[in-house]
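Please treat every number below as a calculation from the coordinates, not as lab data. Only a predicted model underlies this, so the values are computations on that prediction, with no experimental measurement involved. With ideal geometry, Cβ positions are generated from the backbone for all residues, glycine too; neighbour counts draw on all protein chains shown.
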Amino acid sequence: MKIRRIGIFGGSFNPIHTGHCVIADGFIEQCSLDVCYLIPTYHSPLKSAAPSISPFHRLEMCRIIARTHPKLKVWDGEIRRKGKSFTIDTIHWFNKNFEHIELFLLIGQDQANLFRQWKDYQEILRQVRLCVVRRGDEDLTLPDFNEVGGHHVPRVVSTPRIDVSSTAIREAVLNKQSVRYHIHDKVLRYIRRHTLYTNPVC
Ligand code: ATP
């Protein structure tokens, strides 16, 4: 019986950018994934404000990127679920709806530092292989999660560091500065077509 290796990569993706794409590609390759799901959140629990653009725009931009990689797919379950998007609920959904799978969860270093604040983080660690990618200039120091019991040291996915954030892109678009090469051309065209991020509250 073949076990399918499934990657879960969640985020606000407001918008999805080159940093996301590069780490998703490294995740797929280094963890030998059969498929990786981009999972736009409805509302990330650790972010104070919900994204101001419609979740359907964020979803659509993820779909544009998924069409550029044969192993990327999009799962819209967190947006359909609404409310706070807890990863543990998503993991339960995958375990309930797919058989013979092994789950891998990708997060950036900033989220690894906050991981103990995630709902049911100990349960998450028992259900998935946690993978962390470096972000920013800090050295990558990973929590060992000894308190969970068993061996839960996260796996490092090493990719070139891309110093891009959705916040910086939203600000640049608002200020009419170039974001060329920071996001995929087709995503940029989508942003322009729908005049996204032209309002200061974005
Ligand atoms: P924002 O600036 O709006 O907070 P963001 O750029 O951090 O957004 P998210 O959608 O919140 O993007 O990120 C989803 C996941 O991708 C997180 O785990 C985050 O750590 C990781 N990530 C985002 N950008 C990068 C990057 N440039 N390099 C490495 N990891 C990243």
- [ ] Of the listed pairs Lys82/Lys176; Lys84/Lys186; Lys47/Lys73; Lys82/Lys119; Lys2/Lys82; Lys2/Lys119, which have alpha-carbon separations greater than 22 Å here?
- [x] Lys82/Lys176; Lys84/Lys186; Lys47/Lys73; Lys2/Lys82; Lys2/Lys119
Open item on the list: Among His182, His151, His17, which one shows the highest mean-square fluctuation when the chain is modelled as a Gaussian network with alpha-carbon springs under 10 Å?
Closed with: His151
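Determine the calculated [θ] at 222 nm for the chain from helices alone, applying -39500 (n - 2.57) to every DSSP H run no shorter than 4 residues and normalising by the residue count; nearest 500 deg cm²/dmol.
Helices in the chain give a 222 nm mean residue ellipticity of -10000 deg cm²/dmol.
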Open item on the list: How large is log10 of I(q)/I(0) for segment 8-121 at q = 0.12, 0.22, 0.24 Å⁻¹ when the intensity is taken from the Debye formula with one equal scatterer per alpha-carbon?
Closed with: -0.39, -1.47, -1.70
Open item on the list: Students often get this wrong: which residues of segment 151-172 have the backbone nitrogen under 16 Å from the point 7 angstrom along Cα-to-C-beta of Arg116?
Closed with: 152-154
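List Ser12, Ser165 from most exposed to least, where exposure is judged by having the fewest other Cβ atoms within 10 Å.
Ser165, Ser12
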Open item on the list: Can you sort Ile169, Ile101 from fewest to most other Cβ atoms within 10 Å of each residue's own Cβ?
Closed with: Ile101, Ile169
Open item on the list: For the pair Val22/Ala50, report the inter-label distance in nm, with labels modelled 7 Å from Cα in the Cβ direction.
Closed with: 3.3
Open item on the list: Taking the number of other C-beta atoms within 10 Å as the exposure measure, put Ser166, Ser32 in order starting with the fewest.
Closed with: Ser32, Ser166
Open item on the list: Taking the Cα centre as origin and putting +1 on Lys and Arg beta-carbons and -1 on Asp and Glu beta-carbons, what dipole magnitude results for the chain, to the nearest 20 debye?
Closed with: 840
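By how many nm would the segment from Lys84 to Tyr181 grow when fully extended, if each residue of separation counts as 0.36 nm and the alpha-carbon distance is taken off?
31.8 nm
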Task: Potential lengthening between Val35 and Lys71 on full extension [0.36 nm per residue; Cα-Cα distance subtracted] - done: 12.5 nm
Task: Projected label distance in nm at Glu123 and Lys2, using a 7 Å step from Cα toward the beta-carbon - done: 3.2
- [ ] Mind pulling up the Rg/Rh value for the chain? Radius of gyration and Kirkwood radius, both on Cα.
- [x] 0.95
- [ ] Using only Cα atoms, locate the centre of segment 161-202 and the centre of segment 59-116, then give the distance between them in Å, rounded to an integer.
- [x] 23
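What does the highest-first list of 94-100, 57-63, 184-190 look like by mean Cβ count within 10 Å?
With the highest mean Cβ count within 10 Å placed first, the list reads 57-63, 184-190, 94-100.
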